[in-house]
Amino acid sequence: MKNGQVPYSQAPHLTTDVTLYVDGTKGNDTNTGTQDAPFATLQAAVNSLPKDIGGHIAIIDIAGDIADTNNIRISGFYGGLLQINGEPNGSLCNVQISVSYCTAISVNYITFNIDTGAGAIVTANDCEKVGFSFCTFEGSNKSIDGILCSKQTNLGISTCTFNNLKYAINTRSSSATRGVATVSVYNCNGTGN
């Protein structure tokens, strides 16, 4: 152990692709995340994974709506893809999500509906790749951004809707040496932004 950190070669990592399940109605955060024993919250599923994805894919499938009542933090995942899938009609999420220091994150079929708060529904910082597909970002009073992307993050957005937000997508860099965010947008729409 050096400076309180386990050396990379000793860190736990995935040895195969894995799928975890979340069900806000039938799940329990003390469960193991299997289809028969799902987690109740997205944060519990995220927290159960090792930070080193080990060159594999970690999938989190969500049944119904996201039951988290506190903002969700996804940070430090590397070496593979973390994919979060809602239901095809859009699993509802009423809390903000922060994604930082990750190699690759993909979020699909989530309907974000935030009527209070500041900043952004989703904040993505210092990530190699963050993608959103078939998601809806819904505000109510134009006080919050849909996605705030900064600090060398590559953001891909496809077939998403942004409504009633201060800015649908906001990019910024905190310093000239850190670089700026790169954003690719395809087939998106929205109103009231």
Segment Asn94-Lys26, length gained on full extension (0.36 nm per residue, minus Cα span): 22.6 nm
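Where does each of 92-102, 72-82 land if you order them by average Cβ count within 10 Å, highest first?
Working: 92-102: 20.2, 72-82: 18.3.
The peptides rank, most packed first, as 92-102, 72-82.
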Sequence-distant residues sharing a close amide H with Gln83 (under 5 Å, placed H): Ala58, Ile59, Ile60, Ser106
Lysines whose Cα lies under 19 Å from that of Lys51, excluding same-chain neighbours fewer than 8 positions away: Lys2, Lys129
Mean accessible surface per residue for the chain, computed with a 1.4 Å probe while every protein chain stays in place, in Å²: 50 Å²
Residues with amide H under 5 Å from that of Thr111, placed H, sequence gap 5 or more: Ser91, Leu92, Cys93, Thr136
Dipole of region 68-171 [Lys/Arg +1, Asp/Glu -1 at C-beta], most positive-end residue of Tyr78, Thr136, Asn108: Tyr78
Whether region 14-126 is rounded, prolate or oblate, judged on the alpha carbon gyration tensor where a/c under 1.5 counts as rounded: oblate
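Please tell me the relative contact order of the chain in percent, rounded to the nearest whole number, where contacts are Cα pairs under 8 Å and at least six residues apart.
On the way: 573 pairs, mean separation 25.0, N = 193.
In percent, rounded to a whole number, it is 13.
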Dipole of the chain, positive end: most advanced residue of Gln152, Ile97, Gly117 [Cβ charges, Cα centre]: Gln152
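For the chain, what does -39500 (n - 2.57) per DSSP helix run (n ≥ 4), summed and divided by total residues, give at 222 nm, in deg cm²/dmol to the nearest 500? Before the final figure, lay out the partial values.
On the way: 1 runs with 7 residues, N = 193.
One gets -1000 deg cm²/dmol as the mean residue ellipticity at 222 nm.
Cα-Cα pairs above 14 Å in region 72-135: how many percent? Before the final figure, lay out the partial values.
On the way: 1131 of 2016 pairs.
When every Cα pair of region 72-135 is considered, 56 percent fall beyond 14 Å.
Taking the Cα centre as origin and putting +1 on Lys and Arg beta-carbons and -1 on Asp and Glu beta-carbons, what dipole magnitude results for the chain, to the nearest 20 debye?
Values: 10 positive and 14 negative charges, 154 e Å.
Computed charge dipole of the chain: roughly 740 debye.
The values are calculated or read from the model by the stated rules, or taken from the named source; none is laboratory data. On a predicted model such as this, the values are computed, not experimentally measured, just so you know. Heads up, the Cβs are rebuilt from the backbone with ideal geometry, glycines too, and the neighbour counts pull from every protein chain shown. These accessible areas exclude ligands, DNA and RNA; they are computed on the full protein's heavy atoms, side chains included. Shrake-Rupley method; radii C 1.70, N 1.55, O 1.52, S 1.80 Å.
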